[in-house]
Amino acid sequence: MSISIKNKRSTMRLVVPLVAAAFLAACNGSSKNDDVETDTENRTFQITVTNLTANQPLSPLAVIAHKSGYHAFTEGSPASAGLEQLAESGANGDLLAEAAGYAEYLDSNSGTGAIGPGGSATVEVSVTEGSQTYLSIVSMLVNTNDGFTAADNYDISGLSVDESSSMTLPVWDAGTELNSEADGTIPGPANGGEGYSAARDDIVDFVAIHRGVISSDDGLSSSILNESHRFDNPAARLTVKRID
(Lines give C-alpha, C1' and ligand atoms only; values in the text may rest on other atoms or scores of the structure.)
Protein backbone atom coordinates (compact mmCIF):
# COMPACT_ATOMS: atom_id res chain seq x y z
CA MET A 1 0.00 0.00 0.00
CA SER A 2 2.79 2.46 0.72
CA ILE A 3 4.20 1.90 -2.72
CA SER A 4 0.76 2.52 -4.28
CA ILE A 5 0.23 5.75 -2.32
CA LYS A 6 3.68 7.03 -3.27
CA ASN A 7 3.03 6.34 -6.94
CA LYS A 8 -0.36 8.09 -6.76
CA ARG A 9 1.19 11.17 -5.16
CA SER A 10 3.94 11.21 -7.78
CA THR A 11 1.36 11.02 -10.53
CA MET A 12 -0.63 13.92 -9.02
CA ARG A 13 2.54 16.04 -8.85
CA LEU A 14 2.85 15.61 -12.65
CA VAL A 15 -0.83 16.09 -13.48
CA VAL A 16 -1.41 19.35 -11.58
CA PRO A 17 1.32 21.38 -13.36
CA LEU A 18 0.19 20.00 -16.73
CA VAL A 19 -3.41 21.01 -16.09
CA ALA A 20 -2.31 24.48 -14.98
CA ALA A 21 -0.13 24.90 -18.06
CA ALA A 22 -2.96 23.82 -20.34
CA PHE A 23 -5.33 26.28 -18.63
CA LEU A 24 -2.89 29.18 -19.05
CA ALA A 25 -2.30 28.28 -22.71
CA ALA A 26 -6.04 28.22 -23.32
CA CYS A 27 -6.42 31.63 -21.68
CA ASN A 28 -3.60 33.09 -23.72
CA GLY A 29 -5.04 31.65 -26.94
CA SER A 30 -8.46 33.11 -26.18
CA SER A 31 -6.97 36.52 -25.48
CA LYS A 32 -5.07 36.48 -28.77
CA ASN A 33 -8.18 35.61 -30.75
CA ASP A 34 -10.14 38.35 -29.01
CA ASP A 35 -7.42 40.84 -30.01
CA VAL A 36 -7.79 39.91 -33.66
CA GLU A 37 -11.56 40.22 -33.62
CA THR A 38 -11.56 43.57 -31.81
CA ASP A 39 -8.49 45.06 -33.51
CA THR A 40 -8.57 48.85 -33.13
CA GLU A 41 -5.07 49.57 -34.37
CA ASN A 42 -4.94 52.93 -36.14
CA ARG A 43 -3.99 52.81 -39.83
CA THR A 44 -3.08 55.94 -41.76
CA PHE A 45 -2.86 56.06 -45.54
CA GLN A 46 -1.26 58.70 -47.73
CA ILE A 47 -3.12 59.15 -51.03
CA THR A 48 -1.38 60.90 -53.95
CA VAL A 49 -3.02 61.68 -57.30
CA THR A 50 -0.95 62.89 -60.26
CA ASN A 51 -2.58 64.67 -63.22
CA LEU A 52 -1.52 63.02 -66.51
CA THR A 53 -3.45 65.32 -68.89
CA ALA A 54 -2.09 68.15 -71.05
CA ASN A 55 -4.63 70.87 -70.18
CA GLN A 56 -7.29 69.52 -67.86
CA PRO A 57 -6.90 70.74 -64.26
CA LEU A 58 -8.39 68.36 -61.69
CA SER A 59 -10.70 69.62 -58.97
CA PRO A 60 -9.82 69.16 -55.26
CA LEU A 61 -9.79 65.47 -54.43
CA ALA A 62 -12.68 63.74 -52.69
CA VAL A 63 -11.13 60.79 -50.82
CA ILE A 64 -13.30 58.27 -48.98
CA ALA A 65 -12.10 55.31 -46.89
CA HIS A 66 -14.74 52.64 -46.39
CA LYS A 67 -15.55 48.97 -46.06
CA SER A 68 -16.53 46.90 -49.08
CA GLY A 69 -20.05 47.67 -50.20
CA TYR A 70 -19.92 51.44 -50.65
CA HIS A 71 -19.65 52.81 -54.20
CA ALA A 72 -19.14 56.45 -55.18
CA PHE A 73 -20.74 55.51 -58.49
CA THR A 74 -21.78 52.48 -60.52
CA GLU A 75 -21.16 52.19 -64.24
CA GLY A 76 -24.48 52.09 -66.08
CA SER A 77 -26.45 53.64 -63.18
CA PRO A 78 -27.47 57.28 -62.60
CA ALA A 79 -25.06 59.48 -60.68
CA SER A 80 -26.00 60.46 -57.15
CA ALA A 81 -26.78 64.11 -56.43
CA GLY A 82 -23.38 64.46 -54.74
CA LEU A 83 -21.52 63.03 -57.72
CA GLU A 84 -23.52 65.27 -60.08
CA GLN A 85 -22.44 68.32 -58.06
CA LEU A 86 -18.80 67.27 -58.18
CA ALA A 87 -18.76 66.24 -61.85
CA GLU A 88 -20.34 69.50 -63.00
CA SER A 89 -18.72 72.04 -60.67
CA GLY A 90 -15.78 70.38 -58.93
CA ALA A 91 -17.34 70.93 -55.48
CA ASN A 92 -16.94 67.75 -53.40
CA GLY A 93 -18.79 68.61 -50.18
CA ASP A 94 -22.08 66.92 -51.08
CA LEU A 95 -20.39 63.70 -52.22
CA LEU A 96 -18.37 63.49 -48.98
CA ALA A 97 -21.52 64.14 -46.94
CA GLU A 98 -23.36 61.39 -48.81
CA ALA A 99 -20.55 58.92 -48.12
CA ALA A 100 -20.57 59.73 -44.39
CA GLY A 101 -24.16 58.52 -44.20
CA TYR A 102 -23.32 54.96 -45.24
CA ALA A 103 -22.73 52.16 -42.72
CA GLU A 104 -19.53 51.22 -44.58
CA TYR A 105 -18.01 54.69 -44.08
CA LEU A 106 -14.68 54.89 -42.20
CA ASP A 107 -13.09 58.28 -42.95
CA SER A 108 -12.80 60.93 -45.67
CA ASN A 109 -10.74 63.95 -46.63
CA SER A 110 -10.70 66.70 -49.24
CA GLY A 111 -7.87 68.13 -51.28
CA THR A 112 -7.13 71.80 -50.71
CA GLY A 113 -6.87 72.95 -54.32
CA ALA A 114 -6.93 72.09 -57.99
CA ILE A 115 -4.26 69.83 -59.50
CA GLY A 116 -2.71 71.29 -62.64
CA PRO A 117 -1.44 69.22 -65.57
CA GLY A 118 1.66 67.32 -64.45
CA GLY A 119 1.02 68.23 -60.81
CA SER A 120 0.18 66.09 -57.80
CA ALA A 121 -1.80 66.42 -54.59
CA THR A 122 -1.64 64.34 -51.41
CA VAL A 123 -4.18 63.81 -48.64
CA GLU A 124 -4.39 61.37 -45.73
CA VAL A 125 -7.12 59.23 -44.19
CA SER A 126 -6.97 57.23 -40.96
CA VAL A 127 -9.04 54.23 -39.95
CA THR A 128 -9.37 51.95 -36.93
CA GLU A 129 -10.75 49.01 -38.85
CA GLY A 130 -9.03 45.68 -38.37
CA SER A 131 -9.17 44.11 -41.81
CA GLN A 132 -11.35 45.80 -44.44
CA THR A 133 -10.18 49.09 -45.94
CA TYR A 134 -11.18 50.31 -49.38
CA LEU A 135 -10.76 53.69 -51.09
CA SER A 136 -12.89 55.71 -53.48
CA ILE A 137 -11.36 58.85 -55.02
CA VAL A 138 -13.17 61.32 -57.30
CA SER A 139 -11.99 64.50 -59.08
CA MET A 140 -13.52 66.55 -61.93
CA LEU A 141 -11.74 67.37 -65.18
CA VAL A 142 -12.75 71.02 -64.91
CA ASN A 143 -12.47 71.88 -68.61
CA THR A 144 -15.37 69.51 -69.35
CA ASN A 145 -19.12 69.62 -68.80
CA ASP A 146 -19.35 66.66 -66.40
CA GLY A 147 -16.22 64.54 -66.80
CA PHE A 148 -14.40 63.09 -63.80
CA THR A 149 -11.58 60.71 -63.01
CA ALA A 150 -11.99 58.22 -60.20
CA ALA A 151 -11.17 55.02 -58.38
CA ASP A 152 -14.08 53.11 -56.88
CA ASN A 153 -13.85 50.48 -54.14
CA TYR A 154 -10.06 50.09 -54.39
CA ASP A 155 -8.89 47.45 -51.90
CA ILE A 156 -5.92 48.54 -49.74
CA SER A 157 -6.56 46.11 -46.86
CA GLY A 158 -3.32 44.20 -47.38
CA LEU A 159 -0.90 47.12 -47.24
CA SER A 160 1.74 46.97 -44.51
CA VAL A 161 3.46 50.02 -43.02
CA ASP A 162 5.65 51.75 -45.67
CA GLU A 163 4.16 49.59 -48.44
CA SER A 164 2.62 51.29 -51.51
CA SER A 165 0.11 50.39 -54.20
CA SER A 166 -0.72 52.29 -57.39
CA MET A 167 -3.09 52.30 -60.35
CA THR A 168 -4.05 54.58 -63.24
CA LEU A 169 -7.48 56.23 -63.40
CA PRO A 170 -9.75 56.57 -66.45
CA VAL A 171 -12.15 59.42 -67.30
CA TRP A 172 -15.85 58.94 -66.63
CA ASP A 173 -18.88 60.86 -67.85
CA ALA A 174 -21.46 61.50 -65.11
CA GLY A 175 -24.29 61.54 -67.67
CA THR A 176 -25.89 64.55 -66.01
CA GLU A 177 -25.00 67.39 -68.41
CA LEU A 178 -24.87 67.46 -72.19
CA ASN A 179 -21.28 67.56 -73.46
CA SER A 180 -21.94 70.68 -75.53
CA GLU A 181 -18.61 72.41 -74.65
CA ALA A 182 -20.56 75.60 -75.29
CA ASP A 183 -19.67 79.02 -73.93
CA GLY A 184 -20.97 79.40 -70.38
CA THR A 185 -21.13 75.67 -69.64
CA ILE A 186 -17.51 74.88 -68.72
CA PRO A 187 -16.51 75.89 -65.14
CA GLY A 188 -12.72 75.56 -65.62
CA PRO A 189 -10.17 78.15 -66.77
CA ALA A 190 -10.99 77.45 -70.42
CA ASN A 191 -14.29 79.30 -69.96
CA GLY A 192 -15.18 80.11 -66.34
CA GLY A 193 -18.82 79.30 -67.06
CA GLU A 194 -21.64 77.71 -65.07
CA GLY A 195 -20.81 74.81 -62.86
CA TYR A 196 -23.64 72.80 -61.31
CA SER A 197 -27.16 72.80 -62.69
CA ALA A 198 -29.89 70.63 -61.15
CA ALA A 199 -31.39 69.92 -64.59
CA ARG A 200 -30.13 66.70 -66.19
CA ASP A 201 -30.01 67.11 -69.95
CA ASP A 202 -27.45 64.59 -71.19
CA ILE A 203 -28.32 62.04 -73.88
CA VAL A 204 -28.29 59.30 -71.22
CA ASP A 205 -28.71 59.59 -67.46
CA PHE A 206 -26.07 57.13 -66.29
CA VAL A 207 -22.32 56.96 -65.61
CA ALA A 208 -20.17 55.69 -68.48
CA ILE A 209 -16.60 55.93 -69.74
CA HIS A 210 -16.11 59.39 -71.27
CA ARG A 211 -15.91 59.56 -75.07
CA GLY A 212 -13.62 62.60 -75.05
CA VAL A 213 -14.12 66.18 -76.18
CA ILE A 214 -14.77 67.44 -79.70
CA SER A 215 -13.07 70.83 -79.66
CA SER A 216 -13.30 73.77 -82.04
CA ASP A 217 -10.11 72.45 -83.64
CA ASP A 218 -11.97 69.22 -84.40
CA GLY A 219 -14.78 70.99 -86.25
CA LEU A 220 -17.23 71.79 -83.42
CA SER A 221 -17.46 75.53 -84.05
CA SER A 222 -19.61 76.19 -80.96
CA SER A 223 -17.02 74.61 -78.59
CA ILE A 224 -14.95 76.90 -76.40
CA LEU A 225 -12.35 74.12 -76.06
CA ASN A 226 -9.34 73.62 -78.32
CA GLU A 227 -7.03 70.71 -79.13
CA SER A 228 -5.03 71.24 -75.92
CA HIS A 229 -8.08 70.20 -73.86
CA ARG A 230 -8.27 66.75 -75.41
CA PHE A 231 -7.56 63.81 -73.12
CA ASP A 232 -7.14 60.09 -73.34
CA ASN A 233 -7.25 57.35 -70.73
CA PRO A 234 -5.70 57.26 -68.22
CA ALA A 235 -6.10 60.81 -66.90
CA ALA A 236 -4.41 60.36 -63.54
CA ARG A 237 -2.22 58.07 -61.47
CA LEU A 238 -3.17 57.06 -57.93
CA THR A 239 -0.56 55.99 -55.36
CA VAL A 240 -1.55 54.82 -51.89
CA LYS A 241 1.04 54.37 -49.15
CA ARG A 242 0.38 53.14 -45.63
CA ILE A 243 2.40 55.35 -43.29
CA ASP A 244 1.15 54.10 -39.92
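Is it the case that segment 36-54 has a residue that's in a strand (DSSP E or B), of a type in the set (Lys, Arg) and crowded, with 17+ Cβ neighbours inside 10 Å? Steps first, answer last, please.
Going residue by residue through segment 36-54, those that are in a strand (DSSP E or B) are 43-51.
Okay, now just the ones that are also of a type in the set (Lys, Arg), so 43.
Restricting the remaining residues to those that are crowded, with 17+ Cβ neighbours inside 10 Å gives 43.
Yes.
Note down all Cβ pairs under 6 Å where the first residue falls in segment 189-204 and is more than 19 Å from Leu225 (Cβ to Cβ), the second is at pLDDT 95 or above and part of a loop (DSSP other than H, G, I, E, B), and they're at least six residues apart or on different chains.
Pairs found: Arg200/Thr176; Val204/Gly175.
Looking at Val213 and the list (1) in contact (Cβ under 8 Å) with a residue 12 or more places away in the chain; (2) under 18 Å from Pro117 (Cβ atoms); (3) surrounded by fewer than 17 Cβ atoms within 10 Å (Cβ to Cβ), which single condition is not satisfied?
(3)
Return the residues of segment 143-194 that are loosely packed, with under 15 Cβ neighbours inside 10 Å and β-branched (Val, Ile, Thr); say none if nothing qualifies.
Val161, Thr168, listed by residue number.
Which of the residues belonging to segment 97-142 are surrounded by 15 or more Cβ atoms within 10 Å (Cβ to Cβ), at pLDDT below 95 and out of contact with any strand residue (DSSP E or B) (no Cβ under 6 Å at 6 or more places or on another chain)?
Hits for segment 97-142 are Gly130, Gln132.
Can you find a residue in segment 91-110 that is closer than 27 Å to Asp218 by Cα and touching a Ser or Thr at 6+ places or on another chain (Cβ under 9 Å)?
Within segment 91-110, the subset closer than 27 Å to Asp218 by Cα is none.
No.
If you check Glu75 against the conditions, is it more than 15 Å from the chain's Cα centre (by Cα), open to solvent by 40 Å² or more (accessible area, probe 1.4 Å) and touching a residue at least 24 places away in the same chain (Cβ under 8 Å)? Full working, then the answer.
Working: more than 15 Å from the chain's Cα centre (by Cα): yes; open to solvent by 40 Å² or more (accessible area, probe 1.4 Å): yes; touching a residue at least 24 places away in the same chain (Cβ under 8 Å): yes.
For Glu75, the condition - more than 15 Å from the chain's Cα centre (by Cα), open to solvent by 40 Å² or more (accessible area, probe 1.4 Å) and touching a residue at least 24 places away in the same chain (Cβ under 8 Å) - is met.
The values are calculated or read from the model by the stated rules, or taken from the named source; none is laboratory data. None of the values given here were measured: they were computed from a predicted structure. Positions of Cβ are backbone-derived with ideal geometry, glycine not excepted, and every protein chain shown enters the neighbour counts. For accessibility, only protein heavy atoms count, side chains too; no ligands or nucleic acids. Shrake-Rupley method; radii C 1.70, N 1.55, O 1.52, S 1.80 Å.
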